[in-house]
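Notes to accompany the following structure.
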Amino acid sequence: MSNLKLAIGNKNYSSWSLRPWMLLRHLGLEFEEVLLQLDTPQFKAQVAQWSPARRVPVLRDGTLAIWDSLAICEYACELAGRGWPRERAARARARSLASEMHSGYAALRGSWGMNARARNRHTAMTPELAADVARIDEAWSGCRADHGAHGPWLFGADYTVADAMFAPVVLRFLTYGAQLSKPAAAYVETALADPVLREWISAAEAEPWVIPGYE
Ligand SMILES: N[C@@H](CCC(=O)N[C@@H](CS)C(=O)NCC(=O)O)C(=O)O
């Protein structure tokens, strides 16, 4: 029996939670999911019992707490013995992309917040936002050009941390109608057809909570 428990935020809004959730599911690691409702009076007290950083996501493995999405992804890869590309150069590239996503794309995050159930939202395009979208398009297209012959994901046949880190971006592009190149648009199609991501979206659609500040 698994000792893993993953604390997440609302599935509609918590982009950071989606990332390790996707990876754990794709790696076939069993875990108990605990949803802490964001923006509620009880959230701060609840999350403090899970993580010193007081944010979700947090993974508990018995008494061990692992917080921050990328650290959780790394831990999951250690448990599963996979999750990064097998080949060293591809692995380095996947780590670079995952880190770039984790630390960058401020304009994208600021303008196009994840809202898994929202469609046909429109915002003014700024040069910074356009640059973030173009950079992600370039990154995805490059991966698909180099690894597409081996399978549908960024690094071919296997779902990796890089795919998980970009999962919320796929949802943002859907919500806000990003204009993408053919290879990048095809990657969005692949990611949206993934039954694991579909399960998350369905759960987000079923959530009764609306946080006006995130809408
Ligand atoms: N760098 C962190 C970011 C985590 C984060 O900002 N989580 C948000 C929800 S998506 C949160 O817990 N917000 C609650 C708060 O700030 O009180 C990660 O990668 O996990």
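The values are calculated or read from the model by the stated rules, or taken from the named source; none is laboratory data. This structure is a prediction, so every number in the text was calculated from the model and none was measured. FYI the Cβ positions are ideal-geometry reconstructions off the backbone, even for glycines, and counts take in every protein chain you see.
Residue by residue through region 56-68, note down the ones that are free of Cβ contacts under 8 Å to residues at least 24 places away in the same chain and either away from the ligand (no atom under 11 Å from the Cβ) or over 22 Å from ARG95 (Cβ atoms) (or both).
Correct list: THR63, LEU64, ALA65.
Just one of the numbered conditions (1) touching a helix residue (DSSP H, G or I) at 6+ places or on another chain (Cβ under 9 Å); (2) more than 16 Å from the ligand (Cβ to nearest atom); (3) free of Cβ contacts under 8 Å to residues at least 24 places away in the same chain is not true of ALA53; which one?
For ALA53, the failing item is (2).
With respect to the numbered conditions (1) closer than 21 Å to VAL196 by Cα; (2) surrounded by 13 or more Cβ atoms within 10 Å (Cβ to Cβ), which one is the sole condition not fulfilled by TRP112?
(1)
Counting only residues that are buried (at least 16 other Cβ atoms within 10 Å of the Cβ) and either free of Cβ contacts under 8 Å to residues at least 40 places away in the same chain or farther than 24 Å from LEU29 by Cα (or both), how many does region 191-210 have?
Adding up the residues that qualify gives 2.
Condition check ((1) within 13 Å of the ligand (Cβ to nearest atom); (2) surrounded by fewer than 21 Cβ atoms within 10 Å (Cβ to Cβ); (3) over 16 Å from the mean Cα position of the chain (by Cα)) across all residues:
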position	(1), (2), (3)
ASN3	no, yes, yes
ALA7	yes, no, no
LYS11	yes, no, no
SER15	yes, yes, no
TRP21	yes, no, no
LEU24	no, no, no
GLY28	no, yes, yes
GLN42	yes, yes, yes
ALA45	yes, yes, yes
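Residues being in contact (Cβ under 8 Å) with a residue 40 or more places away in the chain, assigned to a helix (DSSP H, G or I) and more than 17 Å from the chain's Cα centre (by Cα): count how many of those fall in region 177-190.
2
Collect the residues in region 139-165 that are within 21 Å of ALA106 (Cα to Cα) and buried (at least 24 other Cβ atoms within 10 Å of the Cβ), keeping them in residue-number order.
TRP140, VAL161, ALA162, ASP163, ALA164, MET165
Only one residue in LEU108, LEU38 is farther than 24 Å from SER141 by Cα and either hydrophobic (A, V, I, L, M, F, W, C) or more than 14 Å from the ligand (Cβ to nearest atom) (or both), so which one is that?
LEU38
From the list ARG82, ARG121, ARG95, exactly one residue is within 16 Å of the ligand (Cβ to nearest atom) and among the basic types (Lys, Arg). Which is it?
ARG95
Tell me whether region 90-105 contains one or more residues that are surrounded by 20 or more Cβ atoms within 10 Å (Cβ to Cβ), aliphatic (A, V, I, L, M) and farther than 19 Å from ILE72 by Cβ.
So in region 90-105, the residues surrounded by 20 or more Cβ atoms within 10 Å (Cβ to Cβ) come out as 93-94, 97-98, 101, 105.
With the extra rule that they be aliphatic (A, V, I, L, M), the set shrinks to 94, 97-98, 101.
Now drop any that are not farther than 19 Å from ILE72 by Cβ, which leaves none.
Checked region 90-105: no residue is surrounded by 20 or more Cβ atoms within 10 Å (Cβ to Cβ), aliphatic (A, V, I, L, M) and farther than 19 Å from ILE72 by Cβ.
Within region 179-192, can one find any residue that is of a type outside the set (D, E, K, R), at pLDDT 95 or above and within 18 Å of SER14 (Cβ to Cβ)?
yes
State which residue pairs qualify: first residue assigned by TED's automatic domain parsing to the domain that holds LEU24 and inside region 69-80, second residue more than 9 Å from the ligand (Cβ to nearest atom) and among the β-branched types (Val, Ile, Thr) in any location, beta carbons under 8 Å apart, and separation of 6 or more residues or different chains.
LEU70/VAL161; ILE72/ILE66; CYS73/VAL161; GLU74/VAL161; TYR75/ILE66; CYS77/VAL161
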